[in-house]
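Single-structure report; data block below.
The values are calculated or read from the model by the stated rules, or taken from the named source; none is laboratory data. Note that the structure is a prediction, hence the values are computed from the model and not measured. Every residue, glycine among them, receives a Cβ derived from its backbone with ideal geometry; neighbour counts consider all protein chains shown.
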Amino acid sequence: MKRIAVIAGDGIGKEVIPQALMVMQAAGADLALTHFDWGADRYLADKITVPPDGFAALARDFDAILVGAFGDPRVPSNIHAKEILLGMRCKMDLYANVRPVRLLDASLCPLKGVEPKDLDFVVIRENTEGVYGDLGGVFKRGTPDEVAIQEDVNTRKGVERIIRYAFEYCASHRKLDDSNVNGSPRQRVLMCDKSNAMTHAGSLWQRVFKEVAAEYPHQIETQHMYVDALCTQMVRDPRGLDVIVTNNMFGDIITDLAAGLQGGLGMAASGNLRPGHASLGQIGMFEPVHGSAPPIAGKNIANPFGAILTAAMMLAHLGMSGEAQKIEAAVLEAVRQKKTTQDIGGTLGTREAGEWVAERVSHR
């Protein structure tokens with residue numbers, strides 16, 4: 001039995017996470033669930049974002065964390081979202097954000113002529129450094145002479161370990177392939193940066209990428225693209241993209257663009273991992289990436305498939321590949337039969353779409 005911490009959070013997180021839990025139960029996953037009330041409601045009630053031992057308890061007592069979303073207009077600063085979500089990533093050293101980009105059905109992609117076989121890549125984003133470290137400051141705030149400085153921090157350790165993980169991921173994972181039951185090998189790692197403008201950080205990323213790549217001379221191809229060129233390539237022709245590794249900010253941007261290729265943010269799953277920390281355990285935090293979406297919260301119209309596919313990703317990480325595959329197959333069937341929410345062409349509500357998938361999973 002695997003122990004799962006569940007934090008539904010805010011907004012539509014409270015609607016989609018229950019659907020993911022229902023589907024995992026229907027798949028027969030052997031899980032012990034513990035629910036945490038971290039989010040805007042808790043913060044507004046007692047001004048607590050994370051209890052003093054919160055992150056230590058998560059790391060000590062659980063095998064994985066399933067998160068919904070954070071953000072609430074009642075907390076304009078979103079301090080709770082920052083302290084919970086970024087706190088988990090940084091204080092638990094979940095340094096690898098893994099975003100699979102897989103097209104389930106051609107009808108979901110806005111690009112002409114792109115089939116599921118053409119769109120199956122993964123973005124591996126450095127998750128604990130960069131401009132998201134909130135380093136910098138403001139001088140002469142509110143005056144005509146105001147100066148704002150935001151610092152981009154890249155350490156040798158942080159850059160090397162995320163690049164090395166990208167190569168290890170490429171070597172150990174396979175693409176889906178209808179003609180091969182075992183899938184086809186992943187072959188290419190592309191490093192994305194803006195080293196022609198951000199020369200200091202770019203130099204570090206470039207040097208480390210070349211050094212790590214030299215350890216895989218015959219196994220994995222390497223490629224480099226500036227982030228603007230990569231964005232162009234993604235919308236012009238994403239064929240050939242395989243494993244992309246990049247920094248925190250660029251990873252945040254290109255993964256949202258990539259989500260648009262697979263049907264929107266409502267279809268996107270993600271995992272936050274700390275590979276190589278054997279002494280600390282291999283706990284991961286898994287979250288759909290659509291955010292709390294306050295305008296549609298409580299209306300039973302949010303797409304639950306991102307949360308459901310995130311749950312499947314979590315199960316696969318925990319060694320329950322059979323259960324994960326049943327869930328993914330049921331979501332694919334729902335998409336093909338239009339048993340979905342309106343954002344991807346169906347007429348069902350959040351609960352009804354989740355129930356449809358759960359019913360299909362239970363009969364597989």
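Return only the number of the condition from (1) hydroxyl-bearing (Ser, Thr, Tyr); (2) within 17 Å of Ile253 (Cβ to Cβ); (3) free of Cβ contacts under 8 Å to residues at least 24 places away in the same chain that Tyr132 does not satisfy.
(3)
Test Asn182 against the stated conditions and say whether it is surrounded by fewer than 13 Cβ atoms within 10 Å (Cβ to Cβ), over 17 Å from Arg125 (Cβ atoms) and at pLDDT 90 or above.
In short, no.
Say we look at segment 224-278 and pick out the residues that are assigned to a helix (DSSP H, G or I) and of a type in the set (Val, Ile, Thr); which of these is surrounded by the most Cβ atoms within 10 Å (Cβ to Cβ)?
Applying the first criterion (assigned to a helix (DSSP H, G or I)) to segment 224-278 yields 227-236, 248-261, 265-267, 278.
In the following step, the residues that additionally are of a type in the set (Val, Ile, Thr) were identified as 227, 232, 235, 253-255.
Details: Val227: 20, Thr232: 12, Val235: 13, Ile253: 15, Ile254: 21, Thr255: 23.
Top of the filtered list is Thr255.
Take the residues of segment 209-223 that are surrounded by 13 or more Cβ atoms within 10 Å (Cβ to Cβ) and part of a loop (DSSP other than H, G, I, E, B): which is nearest to the chain's Cα centre (by Cα)?
Ile220
May I ask you to say which residue of Ala293, Ala302, Ala297 is surrounded by 24 or more Cβ atoms within 10 Å (Cβ to Cβ), hydrophobic (A, V, I, L, M, F, W, C) and under 30 Å from Val75 (Cβ atoms)?
Ala302
Tell me which residues, restricted to segment 6-23, are surrounded by fewer than 21 Cβ atoms within 10 Å (Cβ to Cβ) and not in a helix (DSSP H, G or I).
Answer for segment 6-23, where residues must be surrounded by fewer than 21 Cβ atoms within 10 Å (Cβ to Cβ) and not in a helix (DSSP H, G or I): just Val6.
So if I check each of Cys170, Cys90, which one is assigned to a helix (DSSP H, G or I), under 22 Å from the mean Cα position of the chain (by Cα), closer than 30 Å to Arg274 by Cβ and not assigned by TED's automatic domain parsing to the domain that holds Thr255?
Details: Cys170 fails: not assigned by TED's automatic domain parsing to the domain that holds Thr255.
Just a single option satisfies the conditions, and that option is Cys90.
Return the pair list, or none, for Cβ contacts closer than 7 Å from residues in segment 29-58 that are closer than 16 Å to Leu94 by Cβ to residues that are not in a strand (DSSP E or B) and not β-branched (Val, Ile, Thr), at least 6 apart or on different chains.
Val50/Trp38; Val50/Glu83; Val50/Gly87; Phe55/Gly87; Phe55/Met88; Phe55/Lys91; Phe55/Met92; Leu58/Met92
Would you confirm whether any residue within segment 69-87 is touching a strand residue (DSSP E or B) at 6+ places or on another chain (Cβ under 7 Å), in a strand (DSSP E or B) and in the same structural domain as Gly276 (by TED's automatic domain parsing)?
yes
Quickly run through segment 342-360 and pick out the residues that are assigned to a loop (DSSP other than H, G, I, E, B) and closer than 25 Å to Gly28 by Cβ.
Answer for segment 342-360, where residues must be assigned to a loop (DSSP other than H, G, I, E, B) and closer than 25 Å to Gly28 by Cβ: just Leu348.
Could you check segment 210-254 and list, in sequence order, the residues that are at pLDDT 95 or above, closer than 17 Å to Ile163 by Cα and of a type in the set (Ser, Thr, Tyr)?
Thr222, Tyr226, Thr246
When you check Lys82 against the structure, is it closer than 26 Å to Val243 by Cβ, surrounded by fewer than 17 Cβ atoms within 10 Å (Cβ to Cβ) and not small (Gly, Ala, Ser), yes or no? Working first, answer last.
Values: closer than 26 Å to Val243 by Cβ: no; surrounded by fewer than 17 Cβ atoms within 10 Å (Cβ to Cβ): yes; not small (Gly, Ala, Ser): yes.
So Lys82 fails the test.
Within segment 108-160, how many residues are under 16 Å from Asp93 (Cα atoms), buried (at least 20 other Cβ atoms within 10 Å of the Cβ) and of a type in the set (A, V, I, L, M)?
The number of residues fulfilling the criteria is 2.
For segment 32-39, does any single residue satisfy the condition of being at pLDDT 95 or above, surrounded by 19 or more Cβ atoms within 10 Å (Cβ to Cβ) and not in a loop (DSSP other than H, G, I, E, B)? Quick ask: steps written out before the conclusion?
Kept after step one, since they are at pLDDT 95 or above, are these residues of segment 32-39: 32-39.
Narrowing further to those that are surrounded by 19 or more Cβ atoms within 10 Å (Cβ to Cβ): 36, 38-39.
After this cut, where a residue has to be not in a loop (DSSP other than H, G, I, E, B) as well, the list is none.
No: segment 32-39 contains no residue that is at pLDDT 95 or above, surrounded by 19 or more Cβ atoms within 10 Å (Cβ to Cβ) and not in a loop (DSSP other than H, G, I, E, B).
Out of the residues in segment 56-79 that are hydrophobic (A, V, I, L, M, F, W, C) and surrounded by fewer than 17 Cβ atoms within 10 Å (Cβ to Cβ), which is nearest to Gly306 (Cα to Cα)?
Here the answer is Ile79.
Identify the residue in segment 120-143 that is at negative phi and in a loop (DSSP other than H, G, I, E, B) and, among all such residues, is nearest to the chain's Cα centre (by Cα).
Once the filter is applied, the top-ranked residue is Asn127.
Name every residue in segment 185-208 that is modelled with pLDDT of 95 or more, among the polar types (S, T, N, Q) and assigned to a loop (DSSP other than H, G, I, E, B), in order of residue number.
Across segment 185-208, the qualifying residues are Ser195, Asn196.
What about Gly276, is it of a type outside the set (A, V, I, L, M, F, W, C) and on the phi > 0 side of the Ramachandran plot? Give the steps one after another, and end with the answer.
Values: of a type outside the set (A, V, I, L, M, F, W, C): yes; on the phi > 0 side of the Ramachandran plot: yes.
Yes, satisfied.
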